[in-house]
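Q: After the structure tokens below, expect a handful of questions from me.
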Amino acid sequence: MNMEPHIRSAFDRDLEGVQALVMKMGGLVEHALLQAAQALETRDEALAAEVRAGDKAIDDLEDLIHTECARIIALRSPTATDLRTVLTVMRIVGSLERSGDYAKNLAKRSLVLSQMRPVGGSSGSISRMARSVVGLLKDALDAYVTRDATLAEDVRKRDAEVDQMYNSVFREFLTHMMEDPRNITACMHLHFIAKNIERVGDHATGIAEQVLYLVTGVMPDDDRPKSDVTSLTDSATTTI
């Protein structure tokens, strides 16, 4: 049954408000990732501390959005596509919150690394990987706003590029550790960081899949393209 016009209008206004909060949250996560990568590359402890402190704003937005979604469900009783939209929002903000946690962890480890000697150009490689992942996240959120299934599918395919970058830096870290055992501790921290960034790419892809579900009503049933050949050896590296 279709909503009455005045109820439809109220639901749309509520949804627009929530969507604005989602995009604000996404912007904070993107900024945190880029700033954390910059703090690592420039060994900027103050910037790293700022990223860690800023995670609270991301968590607060997640709580606010979930509260608003619960209010919409209680007051508007959405059905069919409208309910799917609200549920999709809740899943997206969960992915954003987790991505914010990864940015915070990157900043935390950069504080430790700033006390160690640099390892080749590893920090630059991490920054390039972070920029690529932020591009995925931005496109996934743009696909959500515009309901662009083509862009969402493109994000899914591009996740393999992030996996390839991760494999490359993983091999780079192994080389540094074999060349000089003094690099082992720093490279282990860098590996944790690279794996967390790769996980953000997975969350961006998950958001893209939620967009496809929102637009089509069906989750993709084909396996997500993956090129991470180290997943069996580093499953423990995602701990925050």
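Q: Across segment 111-170, what is the total count of residues that are among the hydroxyl-bearing types (Ser, Thr, Tyr) and outside any helix (DSSP H, G or I)?
A: Qualifying residue count, segment 111-170: 1.
Q: OK, next. Tell me yes or no: at least one residue of segment 127-134 is within 19 Å of Met219 (Cβ to Cβ) and in contact (Cβ under 8 Å) with a residue 24 or more places away in the chain.
A: No, there is no match, as no residue in segment 127-134 is within 19 Å of Met219 (Cβ to Cβ) and in contact (Cβ under 8 Å) with a residue 24 or more places away in the chain.
Q: Residues that are at pLDDT below 95, basic (Lys, Arg) and open to solvent by 50 Å² or more (accessible area, probe 1.4 Å): does segment 222-231 have at least one?
A: yes
Q: Could you tell me which of the residues Glu30, Glu50, Glu45 is open to solvent by less than 50 Å² (accessible area, probe 1.4 Å) and charged (D, E, K, R)?
A: Sole residue among the options that is open to solvent by less than 50 Å² (accessible area, probe 1.4 Å) and charged (D, E, K, R): Glu30.
Q: Follow-up. Scan segment 27-41 for residues that are more than 13 Å from Gly54 (Cα to Cα) and of a type in the set (Gly, Ala, Ser) and jot them down.
A: The answer is Ala37, Ala39.
The values are calculated or read from the model by the stated rules, or taken from the named source; none is laboratory data. Remember, predicted model here, so these are calculated numbers, not experimental data. Here the Cβ is made from the backbone with ideal geometry for all residues, glycine too, and neighbour counts use every protein chain on show. For the accessible areas, the whole protein counts, side chains as well, though only heavy atoms, and no ligand, DNA or RNA atoms are used. Shrake-Rupley method; radii C 1.70, N 1.55, O 1.52, S 1.80 Å.
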